[in-house]
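To start, the structure under review is shown below, and the notes come after it.
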């Protein structure tokens, strides 16, 4: 059981559109600053101005899903949150990734950037095609690798997917500039 904090906040993109995003992470990585709440991840820090916070919840966390992007893909394809592929990804996360320092860092980084990538994709008219392409290009193979117990190869493929999506759907475009 991990003590965690989940903050939902208002975002504004470069075109002035308003939406929401979530940062969810280990409670000890959150710091109260003068005008903002900051989450210090492995790769970067996210600062959320207090006046943009919609909801701030602290809770005991037992990891359940490694699924922001995956859930968006499978939901788009009409599957439930408990479909076999998402269960496979959760098993992989719990029984492989969270057992290594590298895996923990990967999951921590993923939880910071994946919701922002999904937010960017969801704003696009062709989001359904994009999610289908993510399944065909990445997730289908990742699930296969996990089922073959090729966890390191699955990890490399998942990292490549996130890196590729980060380049293509740069979440910096929707971060609030102060």
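The values are calculated or read from the model by the stated rules, or taken from the named source; none is laboratory data. On a predicted model such as this, the values are computed, not experimentally measured, just so you know. Counting neighbours? That spans all protein chains shown, and the Cβs are built from the backbone with ideal geometry, glycine included.
I'd like to check something: does region 141-161 contain any residue that is closer than 29 Å to residue 15 by Cβ, touching a residue at least 24 places away in the same chain (Cβ under 8 Å) and surrounded by 17 or more Cβ atoms within 10 Å (Cβ to Cβ)?
Looking through region 141-161, at least one residue is closer than 29 Å to residue 15 by Cβ, touching a residue at least 24 places away in the same chain (Cβ under 8 Å) and surrounded by 17 or more Cβ atoms within 10 Å (Cβ to Cβ).
Under 8 Å by Cβ, and 6 or more places apart or on different chains, what pairs join a residue from region 120-134 that is at negative phi and surrounded by 12 or more Cβ atoms within 10 Å (Cβ to Cβ) with one that is in a loop (DSSP other than H, G, I, E, B) and at pLDDT below 85?
120/169; 120/170; 121/169; 123/13; 123/17
Scan region 84-91 and give yes if some residue there is surrounded by 14 or more Cβ atoms within 10 Å (Cβ to Cβ), part of a helix (DSSP H, G or I) and at pLDDT below 90, otherwise no.
yes
Going by the structure shown, is residue 34 at pLDDT 80 or above and not in a strand (DSSP E or B)?
Values: at pLDDT 80 or above: yes; not in a strand (DSSP E or B): yes.
It is true that residue 34 is at pLDDT 80 or above and not in a strand (DSSP E or B).
Do the conditions hold for residue 46, that is, is it touching a strand residue (DSSP E or B) at 6+ places or on another chain (Cβ under 9 Å), closer than 17 Å to residue 162 by Cβ, modelled with pLDDT of 80 or more and buried (at least 18 other Cβ atoms within 10 Å of the Cβ)? Steps first, answer last, please.
Details: touching a strand residue (DSSP E or B) at 6+ places or on another chain (Cβ under 9 Å): yes; closer than 17 Å to residue 162 by Cβ: yes; modelled with pLDDT of 80 or more: yes; buried (at least 18 other Cβ atoms within 10 Å of the Cβ): yes.
Answer is yes for this residue.
I'm checking my understanding of the structure. Among residues of region 92-112 that are under 25 Å from residue 170 (Cβ atoms) and either modelled with pLDDT under 80 or out of contact with any helix residue (DSSP H, G or I) (no Cβ under 7 Å at 6 or more places or on another chain) (or both), which one is surrounded by the fewest Cβ atoms within 10 Å (Cβ to Cβ)?
Going through the qualifying residues, I end up with 102.
Scanning for something under 19 Å from residue 39 (Cβ atoms), touching a strand residue (DSSP E or B) at 6+ places or on another chain (Cβ under 7 Å) and buried (at least 16 other Cβ atoms within 10 Å of the Cβ), does region 162-172 turn up at least one residue?
no
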